[in-house]
1. Calculate the FRET efficiency for residue 18 and residue 39 from the Cβ-Cβ distance with a Förster distance of 25 Å, rounded to the nearest 0.05.
2. In what order do 19, 29 fall by count of nearby beta-carbon atoms within 10 Å, going from fewest to most?
Amino acid sequence: MNTPLQIKCPTCKQTVEWSEQSKFKPFCSARCKLIDLGEWATETHKIPGEEVFLDHDDKILK
Ligand SMILES: [Zn+2]
């Protein structure tokens, strides 16, 4: 159980040790975590536009 698991930071692809101490896992640092969350928020922002489209489709079906 002493072999540390090595993962890759999803943001910068740097090798990170997966351990109890790594509070930003799977990211290497708080910065990479924030960058990823920022990208996630951008993705979420696109959803309202798609919902309008789906609502329009639903009206056609009725
Ligand atoms: Zn990173």
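1. Working: r = 22 Å, r/R0 = 0.87.
It comes out at approximately 0.70.
2. On the way: 19 10, 29 16.
Ordered by Cβ neighbours within 10 Å, fewest first: 19, 29.
Only the coordinates and a few stated rules stand behind these numbers; no lab work does. Bear in mind that the values here come from a model prediction, so they are computed numbers and not experimental data. Cβ coordinates were reconstructed from backbone atoms using ideal geometry, including for glycine residues, and neighbour counts include every protein chain displayed.
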